[in-house]
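So the structure is just underneath, and the comments pick up after that.
Every read-out reported here was derived from the displayed coordinates using simple, explicitly stated rules and does not represent laboratory data. It should be emphasised that the depicted structure is a prediction, and the values quoted were computed from it without experimental measurement. Using ideal geometry, Cβ is built from the backbone for each residue, glycine included, and neighbour counts are taken over all protein chains shown.
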Amino acid sequence: MNYSFNEARPALEVFHTGDSVRAYDFLGAHLVNRNDKNGVVFRVWAPTARSVSVAGDFNNWNNEANYMYNIGYGVWEVFVEGVKEFCTYKYCIESEYGDRLMKADPYAFHAQTRPGQASVVYDIESYSWNDSEWFNKRKENNISSSPMNIYEIHAGSWRKYPDGNFFNYQKLADELIPYLKEMHYTHVQLMPIMEYPYDGSWGFQTTGYYAPTSRYGTPSDFMAFVDKLHGEGIGVILDWVPSNFPTDDFGLARFDGSPLYESNDPKTSKRDSWGTCLFNYARFEVTSFLVSCAMFWLDKYHIDGLRIGALSSMLYLDYGKTEGEWEPNKFGGKENLDAVDFVKRLNTAVHMYHPDVMMFAEENTSWPKLTHKIEDGGLGFDFKWNMGWMNDMLKYMSLDPIYRKWNHDKVTFSFMYAFSENFVLPLSHDEVVHGKCSLISKMPGDYWQKFAGLRTFFAYWIAHPGKKLLIMGGEFGQFIEWNYDDSLDWHLPQQYPMHKKMLEYSRALNKFYCDHKALWQVDFDWNGFQWIDCNDNENSIVSFIRKAEDPSDYLVAVCNFTPEVRHGYRIGVPEKGSYIEVFNSDDEAFGGSGVKNEGEIKTEDVKWHDRDQSIVLTIPPMATIYLRHKGQLAAGRNSFDEAPAELEVRGHEEKSSADKAEAAEAKPKKTVRKRTAAKKAETSAEVPEEKPKRRGRPRMTEEEKAAAKAKREAEKAPKKTTRRRSAAKTTAKKTTRKTTKKTASKTAKAAAAES
């Protein structure tokens, strides 16, 4: 397939043949000077209309004052003198059946703020950009071999004014940029900001495909938003919805009184479950509309990437449909051949004119070669969201650790296909809404264990091959689900130590990621990854190596998905010498219990995991650790050892009733946690005076220790238990595998009885 997109032909012809990449330069409302007269030329595509006029505040909304002329291929045009920027307008379309429709301009650059529905004249060329340095760097950068740590936000609910009003785009940039930089995010991804009427759609039901929503300001305000982020070295990615559109009377649905942007076939024109219409990719003018739309945001707003959501709904004729609601294609298959052709056209055009722009696909099936070149049989995307990994890992992390050993494949299965596509590992908005719970609420156990589980998961996620995306609020452990109507709960890291420590943990982990090539330079082939042990389901531990382009630059990751400390845990390592623990999610600074591997860990000439050298570790409870060979480290410095920065967290001072309920439940000031089922099972059994394993519990403060001691003495307990310290500070007895299995068996029975 070789699309030339020859723009030398007349604009009208190029639009009609589906080859237009900048239809917005021709269609829509454009401020011009004709014969020394200032005004606006209006053009709109309405091929079956009997007549079309433009009505607005400039003619007192008179439908008969400014009729338009059919200039060919169903496009209507009129020049209206005296129309100025910010004038509002709609097209009055008389259908072939004689009824009159008032429609917003599909190509409008600006729109009224809901509930207003009119289009707004706007000079899209008035903004002066200052991001040439960013563009030069973007052209030189190979994003595949660069760090990509994306922070996903909803512009209207990341932060708000205390009275609940939205931030303007520029105010949002001023608040967001310091936070992104402090937290070491490389890109921000905005949920759809193309104009939409209903807040509850989060922007995914678009009516103004060429207009940034006026909720947060003007097009120039949004340009300034992007410009400011680029000036600080942060890329901007947009959600874009070329799959479906809403049925609002003023929108695209039956635009000229007939199916225009949608098909005339009920089986391909709508999606009943969503209450939306589906684009007709077989129509060339629709292809020109959509391809030009993508190009518009890249050309005029300097966007660095577009994510196509719900791609599966475009590619499959039977998506979300039952038998009888769809028909096979001409080859008898379920693939939507017109949609496939559109996607290829789209990615070809984007990469032809913007080879350094990223195209992302959200596709939840196993459609082959999404991120392969079109000439190699692919669809030409740069990245695919790894929905399978996300679903598997969130299910796994929601399990009680007791049962994880029987679900170990959810951790390892992603490597059966990890390098078949260029993957982004998303932890997105879809997973923290509609009763699915927030990320931290998915974690089992008590308050402390939830944070430990999230820290463990995040460090595993960062070490797993693939670029990263995190929904806002996950970084500090927001408990309630994301709500588009409310600001994030910024009071949590302000008022509660564990949330503050979680925020600091995310900052430190993100920095560690950005600082270490081994975690991102080779994300898409086996040269960047190697298993140490993927089979230890009994202990729910995985260990692996991440490597940079220079294979001598590597990290060892060990992930423990249980609240048990594993003493004397041996793993094979690549080379002889000493290893240093350079990151530990269980560090006390992050709210952990403080189990560490202090100092140098020397290798032994003991073959293990098919390697000549091995080391013996203490694996912290519910934690992930990273190790580096001593020879790789700069003398006396680890990223992990840097002093935590004081993060300024600005937000609401007020708390909702839901917030208060959460705070009452969490009680973060208390360090004594409820016993887990495993702990109950252990204490009910006969155990030695000195417990063989340290549970994943926070250390007691000196005051708590003193109080506990006084209570024991007052009760004249016959035995005193000796609290185990970390392995680096004291020695302890080791349990046998038999004892471990026995305890786990008792625990499982107890948990089953309780359920």
> With labels modelled as points extended 7 Å from the Cα through the Cβ direction, what inter-label distance (nm, one decimal) is found for R50 paired with R570?
Replying inline: 9.0 nm
>> Test of understanding: ordering K410, K630 by Cβ neighbours within 10 Å, fewest first, what list do you get?
In response: K630, K410
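Taking 41 Å as R0, compute the FRET efficiency from the Cβ-Cβ separation of N391 and M352 and round it to 0.05.
E between N391 and M352, to the nearest 0.05, is 0.75.
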>> Between Q495 and E81, what is the label-point separation in nm under the 7 Å Cα-to-beta-carbon projection?
In response: 6.4 nm
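Can you give the FRET efficiency for D400 and K139, using 1/(1 + (r/R0)^6), R0 = 56 Å, r = Cβ-Cβ distance, to the nearest 0.05?
0.65
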> Whose amide H sits under 5 Å from the amide H of H464, counting only residues 5 or more places off or on another chain, with H placed in the peptide plane?
Replying inline: none
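Ranked by Cβ crowding within 10 angstrom, fewest neighbours first, how are H184, H464, H372 ordered?
Values: H184 19, H464 25, H372 16.
Taking fewest neighbouring Cβ atoms as first place, the list is H372, H184, H464.
With charges set only on the Cβ (+1 for Lys and Arg, -1 for Asp and Glu), what does the dipole of segment 205-284 come to about its Cα centre, in debye to the nearest 20? Don't skip to the answer; put the middle values down first.
Numbers: 7 positive and 10 negative charges, 41 e Å.
That gives segment 205-284 a dipole magnitude of about 200 debye.
Can you give the charge dipole size of segment 299-450 about its Cα centre, rounded to the nearest 20 debye, using +1 on the beta carbon of Lys and Arg and -1 on the beta carbon of Asp and Glu?
Working: 17 positive and 22 negative charges, 87 e Å.
Charge dipole, segment 299-450, about its Cα centre: 420 debye, nearest 20.
Take the cross-link list K410/K500; K160/K436; K547/K576; K228/K300 and give me the ones stretching past 22 Å between alpha-carbons.
Numbers: K410/K500 30 Å; K160/K436 24 Å; K547/K576 17 Å; K228/K300 15 Å.
Those over the limit are K410/K500; K160/K436.
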> Label points 7 Å out from Cα along the Cβ direction at S258 and K171: separation in nm?
Replying inline: 4.8 nm
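Between D525 and A11, what length in nm is gained on full extension when 0.36 nm per residue of separation is reduced by their alpha carbon distance? Mind showing how you got there, number by number?
Values: separation 514, 0.36 × 514 = 185.04 nm, distance 4.35 nm.
Full-extension gain reported as 180.7 nm.
Count charges around F590 for me, please; just the other residues with Cβ under 9 Å from its Cβ, Lys/Arg as +1, Asp/Glu as -1. Walk me through the numbers on the way to the answer.
On the way: positive: R455, K501; negative: E504, D586, D587, E588.
Counting the neighbours of F590, the net charge comes to -2.
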> Check F255: other-chain or 5+ apart residues with amide H under 5 Å from its amide H, H built from backbone geometry?
Replying inline: L260, Y261
> What is the magnitude of the charge dipole of segment 11-120 about its Cα centre, with +1 placed on the Cβ of each Lys and Arg, -1 on the Cβ of each Asp and Glu, and no other charges, expressed in debye to the nearest 20?
Replying inline: 220 debye
> Rounded to the nearest 0.05, what FRET efficiency is calculated for K607 and N407 with R0 set to 30 Å and r the Cβ-Cβ distance?
Replying inline: 0.50
> If you plug each phi of segment 618-631 into the Karplus form 6.51 cos²θ - 1.76 cosθ + 1.60 with θ = phi - 60°, what whole-Hz ³J(HN,Hα) values come out, in order, with x for Gly and Pro?
Replying inline: 9, 8, x, x, 6, 7, 10, 10, 10, 10, 10, 5, 4, x
>> If a paramagnetic tag sat 7 Å from the Cα of E481 along the Cα-Cβ line, which residues of segment 443-472 would have the backbone N under 19 Å from that point?
In response: 443-444, 471-472
>> As a footprinting exposure proxy, order C437, C559 by other Cβ within 10 Å, with the fewest listed first.
In response: C437, C559
> Of L238, M352, A294, which is farthest on the positive side of the dipole of segment 236-372, counting Cα position, with +1 on Lys and Arg Cβ, -1 on Asp and Glu Cβ, and the Cα centre as origin?
Replying inline: M352
>> Check which residues have an amide H placed less than 5 Å from V582's amide H, if you skip close sequence neighbours.
In response: Y626, L627, R628
> What does the charge count near P212 come to, summing +1 for each Lys or Arg and -1 for each Asp or Glu among other residues with Cβ under 12 Å from its Cβ?
Replying inline: 0
> Rounded if a/c is under 1.5, else prolate if a/b beats b/c, else oblate: with a ≥ b ≥ c from the C-alpha gyration tensor eigenvalues square-rooted, which is segment 11-120?
Replying inline: rounded
